[in-house]
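Have a look at the structure below before the remarks.
The values are calculated or read from the model by the stated rules, or taken from the named source; none is laboratory data. Not measured: the values here are computed from a predicted model. Positions of Cβ are backbone-derived with ideal geometry, glycine not excepted, and every protein chain shown enters the neighbour counts.
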Amino acid sequence: MISIETFFLDPSAPGTLQSRIQQMVAEGILQGRFRPGERLPSSRKLALHLGVSRITVTLAYTELVADDYLTARGRSGYYVSENAPEPPAFPARAPDNSTVDWNAVIGDKAPTLFLEKPSDWATYRYNFIYGQADPTLFDQANWRLCALQSLGKRDFDSLTADRFDQDDPELIDFIARQTLPRRGILANPDEILVTMGAQNALWMTAQLLLGPGKKAAIENPGYPSLRSIIETAATNYDALDVDSEGLRPESIAPDTDVVFTTPSHHCPTTATMPLARRHDLLDRAEAEDMLIVEDDYDFEMSFLRPPSPALKSLDRTGRVIHVGSFSKSIFPGLRLGYLVGPAPFIAAARSLRASVLRHPPGQLQRTTAYFLSLGHYDALIRRTSRAYHERRKALEAAIGEHGLTVAGEGAYGGSAMWLEAPGVDTQKLALDLRAKGVLIEPGAAFFAGSEPPTSFYRLAYSSIPVNRIKDGVSLIADGLQE
């Protein structure tokens, strides 16, 4: 019999007790410590040893029998199956030393990740980091039901089929009939492509539209990941300074091929481009034969007043590529977005996507389609908008009370505010505040150039409870005084 002393549970390991017991036994078999024919401790003894219920151990053993790791021999107990996976006959080992100069091999091909997102952000009491999910707002119960529905027999094809370059028709139908019309956009199914989030959409767009001999225009400050994408596309680009109304069309050089912009909620200042300027941008693109890529992230969080029309909805000559995302409005780990553009462009993007990742997981697409079509998404947006509005008012009040400087303020809402602390290195400020349980985002990463300004910072309110905002801003104000 395998000694019961070899079994122990790591209290920090993820998963349920049952899954952790299953993993513990399976790892013992895969590592060769438990051999075929050896008897395991009884469920009663192992439960007593681990300090868990007997039914938990019994269920874990039953699952291992179903997977042929174990066999049950009536009243005799559980044994390692003769058909259990065997450990490799040779030991795993790493090279003693590498003779490859990987820096020379890779060169500058690896993109730069400008933003730092602490993996333990949720442990900070005053978390002002942008784009994190709030479990108190998300409808986990209905998401779970939608996921279970997508796993059913009726949806077997959506779960298992290799669609090659196609998307879930139910998700495409919802985007075409519900999501896009809210932005004033009408599109046929062959003008829509599902992507692995907005960043994947921007990458494919850059791959198709840019390259040697092409020129791009991006916003400054702007989305750091887009700048990284542009730089790895071997393309020249202009980083154009924005004002309180976003990108200025007259600042775009005539030889520009593609303009990337965030008109509804500029990243990171949250400025909103007014309607007249949107028309000016479209007119300039037409006059100079430019294309425009519109990143329409965060438009759902327009709780101060209805959102302005999307740039794509004003386009009459087919020059705008529209990028949308469900990852901001549902949860960041979803990684589902979409591209909208003329059919020839979408066809090319579809081929590019198929060559890299085929298509986003079918079960994830179908789960999202159910979550959207059953009304859970709209309920989530309403609930989130109310919470964000309350948090924004609390943040504005705290900022006003402590005399902090707002550098950018969106007209429609969003989930963050852009501030400036003249004469302060906010990178150092951020490090100092961490020791006090406060997380902020230094603004230097949003600027292009070798010497970006260091006095800006962003405060997001997507995942901080409203009752902590005042104290968190007070600690920020104290840090600025120090």
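Here are the numbers for the structure shown:
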read-out	value
Scan of the range 424-435 for residues that are surrounded by fewer than 15 Cβ atoms within 10 Å (Cβ to Cβ) and assigned to a loop (DSSP other than H, G, I, E, B), ordered by number	Asp425, Ala435
Any chance Asp280 is part of a loop (DSSP other than H, G, I, E, B), in the same structural domain as Pro307 (by TED's automatic domain parsing) and either of a type in the set (A, V, I, L, M) or in contact (Cβ under 8 Å) with a residue 12 or more places away in the chain (or both)	no
Those residues of the range 1-33 which are assigned to a loop (DSSP other than H, G, I, E, B) and either closer than 18 Å to Glu82 by Cα or charged (D, E, K, R) (or both), in sequence order	Met1, Ile2, Asp10, Gln31, Gly32, Arg33
Filter result (closer than 14 Å to Ala398 by Cβ, under 26 Å from the mean Cα position of the chain (by Cα) and among the hydroxyl-bearing types (Ser, Thr, Tyr)) within the range 431-482	Tyr461
Test: residue in the range 292-300 that is of a type in the set (D, E, K, R), surrounded by fewer than 22 Cβ atoms within 10 Å (Cβ to Cβ) and touching a residue at least 60 places away in the same chain (Cβ under 8 Å)	no
Pick from the range 145-166, criterion of a type in the set (A, V, I, L, M, F, W, C) and in a helix (DSSP H, G or I), ranking: surrounded by the most Cβ atoms within 10 Å (Cβ to Cβ)	Cys146
Residue, surrounded by the most Cβ atoms within 10 Å (Cβ to Cβ), within the range 123-144, restricted to residues that are part of a helix (DSSP H, G or I) and in contact (Cβ under 8 Å) with a residue 40 or more places away in the chain	Trp143
Restricting the range 213-232 to residues that are surrounded by fewer than 22 Cβ atoms within 10 Å (Cβ to Cβ) and touching a strand residue (DSSP E or B) at 6+ places or on another chain (Cβ under 9 Å), the residue that is modelled with the lowest pLDDT	Glu231
Tally of residues being at pLDDT below 95 and either surrounded by 15 or more Cβ atoms within 10 Å (Cβ to Cβ) or under 25 Å from the mean Cα position of the chain (by Cα) (or both) across the range 238-261	2
Boolean, Phe303 is crowded, with 19+ Cβ neighbours inside 10 Å and modelled with pLDDT under 90	yes
Yes/no for Leu339 being within 25 Å of the chain's Cα centre (by Cα) and modelled with pLDDT of 95 or more	yes
Members of the range 447-477 that are in contact (Cβ under 8 Å) with a residue 12 or more places away in the chain and part of a helix (DSSP H, G or I)	Val466, Arg468, Ile469, Lys470, Asp471, Gly472, Val473, Ser474, Leu475, Ile476, Ala477
Cβ pairs under 7 Å, 6+ apart, first in the range 317-329 and under 14 Å from Leu186 (Cβ atoms) and assigned by TED's automatic domain parsing to the domain that holds Thr195, second buried (at least 19 other Cβ atoms within 10 Å of the Cβ) and charged (D, E, K, R)	Val320/Glu294; Val320/Lys312; His322/Glu294; His322/Asp296; His322/Lys312
Residues being in a helix (DSSP H, G or I) and more than 16 Å from Ser325 (Cα to Cα) - total across the range 367-383	6
Residues of the range 328-362 classified as over 14 Å from Thr179 (Cα atoms), of a type in the set (Gly, Ala, Ser) and part of a loop (DSSP other than H, G, I, E, B), total	1
Count of residues meeting criterion [free of Cβ contacts under 8 Å to residues at least 24 places away in the same chain, in contact with a strand residue (DSSP E or B) (Cβ under 9 Å, 6 or more places away or on another chain) and not in a helix (DSSP H, G or I)] in the range 34-82	3
Residue list for the range 153-174, restricted to those being modelled with pLDDT under 95 and aliphatic (A, V, I, L, M)	Leu159, Ala161
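Yes/no matrix, rows are residues, columns are (1) modelled with pLDDT under 90; (2) of a type in the set (Val, Ile, Thr):
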residue	(1), (2)
Leu64	no, no
Asp68	no, no
Val80	no, yes
Ala89	yes, no
Val105	yes, yes
Leu115	yes, no
